[in-house]
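Since the structure comes first, as structure tokens, the remarks are kept for the end.
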Amino acid sequence: MELWIGIMMSGAAAALLLGIWAVSRKSRNSGNVTRLKDFKKKKRNGQPCSFCRKKSEDLAFYADENGQIVGVCKSCRPMAERRELGRL
Ligand SMILES: [Zn+2]
């Protein structure tokens with residue numbers, strides 16, 4: 001029985017560590033600058049809007065709640081503004 005509890009505990013600890021690792025990895029992974037560059041590079045070919053998926057030459061770039069970069073077309077821009085996404 002004690003062994004079983006031990007396994008449970010180490011399992012929980014491992015899960016916790018994994019969670020911390022994932023979070024720290026995510027925050028460290030703020031290579032947003034390079035990703036933004038890549039994103040903008042593609043822009044010339046007409047990137048699809050992240051909201052309506054329509055291709056647009058004139059996208060505005062925002063960082064969403066998860067730090068993901070989204071390209072937003074003119075007509076979806078008010079939606080991004082309403083979500084208070086950080087304009088890039
Ligand atoms: Zn759109």
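Please specify each residue of region 23-60 satisfying the condition of being among the charged types (D, E, K, R), modelled with pLDDT of 70 or more and within 22 Å of Ser75 (Cα to Cα). Arg53, Lys54, Lys55, Glu57, Asp58 - these are the residues of region 23-60 that are among the charged types (D, E, K, R), modelled with pLDDT of 70 or more and within 22 Å of Ser75 (Cα to Cα).
Conditions (1) in the same structural domain as Ser24 (by TED's automatic domain parsing); (2) out of contact with any helix residue (DSSP H, G or I) (no Cβ under 9 Å at 6 or more places or on another chain); (3) under 26 Å from Lys26 (Cα atoms), marked per residue:
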residue: Asp58; (1), (2), (3): no, no, no
residue: Ala63; (1), (2), (3): no, no, yes
residue: Gly67; (1), (2), (3): no, no, yes
residue: Gly71; (1), (2), (3): no, no, yes
residue: Cys76; (1), (2), (3): no, yes, no
residue: Gly86; (1), (2), (3): no, yes, yes
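The values are calculated or read from the model by the stated rules, or taken from the named source; none is laboratory data. Predicted model only: the values in this text are computed from it and were never measured. Neighbour counts are summed over all protein chains in view; Cβ atoms, including those assigned to glycine, are modelled from backbone coordinates with ideal geometry.
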